[in-house]
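K.L.:
Encoded as structure tokens, here's the structure I'll be asking about.
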Amino acid sequence: MWQITEPLLGLNAIKIEQFGAHPYRAFLAVAFLVSVAQRVVVKFRAYEKIAQLAEGGVSAPEIDPLVALSDSKATISTVVSTLDTISHGEVAADDLLKNWKYKNEGVAILNLLRSLGLISIRAISQRLTVRANSDIATDFLTSMARHLEEDAPFIGAFDDAETNINERYRLRELIRRMEQSRVNWAKFKRRPAAKVARHAKSSLIIIKAIVGGETCILMQWSESWGRRDGDGRTSSNSGYYWFIGGLMEPKDEGNLIKCAVREVSEELGVDAGDVQLIEQPLFMCTDRRVSRRVGLYTEFEYYVFAATLRLSPAVPQFVQPEWTRALSIHSASGEATIPRQMRWRTWMEIKNDPLLQEDASVIVSELEKHLGAVPLQPHA
């Protein structure tokens, strides 16, 4: 008989009830071990089916991956039944697990719902009960059940995100809010700092010039970096300035200098040979924050270089305070162009920019210490 023994419902929370002085205890123990071995074999076969799916050996309509994981035709309907049962009020955990062919799968579902903050598991009179945490949690579970029944994407059409830019922004914003909530929760509960979900290494390039009698840094602006509302539409404070540079890519072969030269060439539209980079970074700094672009809580590692551009017919725009150019990007839906405005910004503009204060305070603080070491870009 299955018995739940711990409120957390971990893998060690299910065990066989003690059989006391039952004369066939040894036989029952062996039978239990055999049943475990059978489940391992079933799951191994299920993974084989998933591997076939991944390799194209079985067409998607022939087998449902969720069914394959448990090798049970009732998996989806059992999940739906579990969600609906919880939605109707507090229920004994034992009763919830009766419908599951493999009880550890039911426990996994309950663990997932609990980790999402949707349900609570309580010990009452030596029995565990499960209940939704609020009316909105109940509505969420009900909606999830209907989505599973209809085989509809619950959060959004992730497979269409590359071709529908508003949907992509909406999903990114959803991820960003979830991650920010996770980070804030750790602070609120005075727990250890939230774990980062992503690591990013970037080369940033500082190009300095005297424009209108003031020391300025060349920066780029794009509407696509701005804040968006919940539907993915551009918000009233859209648009964002950032430094020239970007993330390390595989073609950089782990070389930060290659990354820096490539980023300048791509973003400014100049030949790589026109980029005169000081190969020793001005400084390196790290920062942890929720990425505005990706949405994940990220540990950023910034390597900041100084550079000038060799004056040539390819860089006439450097005599202008600002200009706009179309930057080519590649995505799953093909190649597209997005407008990027390049502008010389004064140091005071950079320091007082509220979004840079939010996302780049570490960079700006360190750059202020090294700004004198950046050579001036000639204009003629």
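What follows is calculated from the coordinates using simple rules that are stated; it is not laboratory data. Computed from a predicted structure; not experimentally measured. Cβ sites come from the backbone with ideal geometry, for glycine too, and all protein chains shown count toward neighbours.
K.L.:
Evaluate E = 1/(1 + (r/R0)^6) for ARG198 and GLU150, where r is the Cβ-Cβ distance and R0 equals 41 Å; express this FRET efficiency to the nearest 0.05.
P.N.:
Step by step, r from the Cβ atoms, then E = 0.80.
K.L.:
What's the extension gain from PHE158 to LYS351 if we count 0.36 nm per residue and subtract their Cα-Cα distance?
P.N.:
Value of the extension gain: 65.7 nm.
K.L.:
Turning to a different aspect of this structure: Arrange PHE300, PHE188, PHE305, PHE243 by Cβ neighbour counts within 10 Å, fewest through most, would you?
P.N.:
Taking fewest neighbouring Cβ atoms as first place, the list is PHE188, PHE300, PHE243, PHE305.
K.L.:
Using 1/(1 + (r/R0)^6) with R0 = 51 angstrom and r between the beta carbons of ASP287 and ARG310, what's the FRET efficiency to the nearest 0.05?
P.N.:
The formula returns an efficiency of 0.95 here.
K.L.:
Describe numerically, in nm with one decimal, the distance between label points set 7 Å from Cα along Cα→Cβ at ASN133 and at ALA373.
P.N.:
About 4.7 nm, to one decimal.
K.L.:
Using Cβ contacts closer than 10 Å as the measure, can you line up THR286, THR78 from fewest to most?
P.N.:
THR286, THR78
K.L.:
For THR129, THR142, which order do you get if you count the other beta carbons within 10 Å of each Cβ and list the fewest first?
P.N.:
Listed from fewest to most nearby Cβ atoms, that is THR142, THR129.
K.L.:
Over 30 Å between Cα atoms: which of LYS187/LYS251; LYS98/LYS189; LYS258/LYS369 fall into that group?
P.N.:
Violating the 30 Å limit, Cα to Cα: LYS187/LYS251; LYS98/LYS189.
K.L.:
Sticking with this one: Amide H to amide H under 5 Å from LEU282: which residues, 5+ apart in sequence or cross-chain, H placed 1.01 Å off N in plane?
P.N.:
Those qualifying (amide H under 5 Å, at least 5 residues apart or on another chain) are VAL304, PHE305, ALA306.
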